[in-house]
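One structure is given below, encoded as structure tokens.
The values are calculated or read from the model by the stated rules, or taken from the named source; none is laboratory data. Predicted, not measured: the structure shown is a model, and the values here were computed from it. Cβ atoms come from the backbone with ideal geometry, glycine included; neighbour counts cover every protein chain shown. Heavy atoms of the whole protein, side chains included, go into the accessibility calculation; ligands, DNA and RNA do not. Shrake-Rupley method; radii C 1.70, N 1.55, O 1.52, S 1.80 Å.
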Amino acid sequence: MTAAHPGTRRSSSGVLLGLRVGVLIGGAITYLGVVETEAKLRLRSGGDIVEADVVGTRVMTGRSTTYEVRYAFTLPGAAETYTLRDATGREGLWTALPRGDWDSARASRKLAVRFLPEDPWVSRPVNSGAAPLGDSIAGIVLGLLIWVPSMVLFVRVLRSRA
């Protein structure tokens, strides 16, 4: 019977810690991607429309030019002001509009926004088209690419220690 090397236990503890972090981070990214995708799909299938105040406009240039707005709205009988928010809880986010709609929103300082009555934080300008799913699906894929290998290796290291 061969005795284990003295540093082996300590180094596998470090590996386990690193893999736990990978499992947690990968799981969190996957969860946020699922929540964001689900919210966008619910918004695509319905919701109510409200007139929001345009609180900011900007033009972003790079490989292409995008016209963006920030908006806020309140609902009758509610004291809370709602803005565009993502699954991480960031509020007051910018969103792109077609140029003509951006020009109109900038001039009138008003914007038609579709929102979910059960969760008014889930919203999108009416004329901005369907909510793109690419970023949230990429989040799911990235999260799984971190979570799955981390979980497999975590289980393997635990089994090898037993």
- the range 59-126 - accessible surface per residue (Å², probe 1.4 Å): 56
- Query: Rounded to a whole number, what % of the accessible area of the chain do carbon and sulfur atoms account for, probe 1.4 Å?
  - Reply: 59
- Cα convex hull of the range 116-155: mean projected area in nm², to one decimal? 4.3
- Extreme residue, positive dipole direction of the chain, given options Leu75, Ser123, Thr30 (C-beta unit charges): Thr30
- Task: Mind pulling the angle between the C-alpha long axis of helix 99-108 and the longest principal axis of the chain? Nearest 10 degrees, somewhere in 0 to 90.
- Result: 60
- Message: About the Cα centre, and with charges only on the beta carbon of Lys, Arg (+1) and Asp, Glu (-1), how big is the dipole of the chain? Nearest 20 debye, please.
- Response: 900
- Query: What residues have an amide H closer than 5 Å to that of Leu84, excluding those fewer than 5 places away on the same chain, when H is modeled at 1.01 Å from N in the peptide plane?
  - Reply: Tyr71, Gly92, Leu93
- Calculate one ³J(HN,Hα) per residue across the range 30-40 by plugging θ = phi - 60° into the Karplus curve 6.51 cos²θ - 1.76 cosθ + 1.60, and present them in order as whole Hz with x for glycine and proline. 4, 4, 4, x, 5, 4, 5, 4, 4, 5, 5
- Dipole of the range 69-132, Cα-centred, from +1 at each Lys and Arg C-beta and -1 at each Asp and Glu C-beta, to the nearest 20 debye? 280
- Query: Which of these values of P(r) over Cα pairs in 10 Å bins from 0, in percent was calculated from the structure shown: (1) 10, 28, 24, 15, 11, 8, 3, 1, 0; (2) 10, 38, 32, 14, 5, 1; (3) 10, 42, 39, 8?
  - Reply: (1)
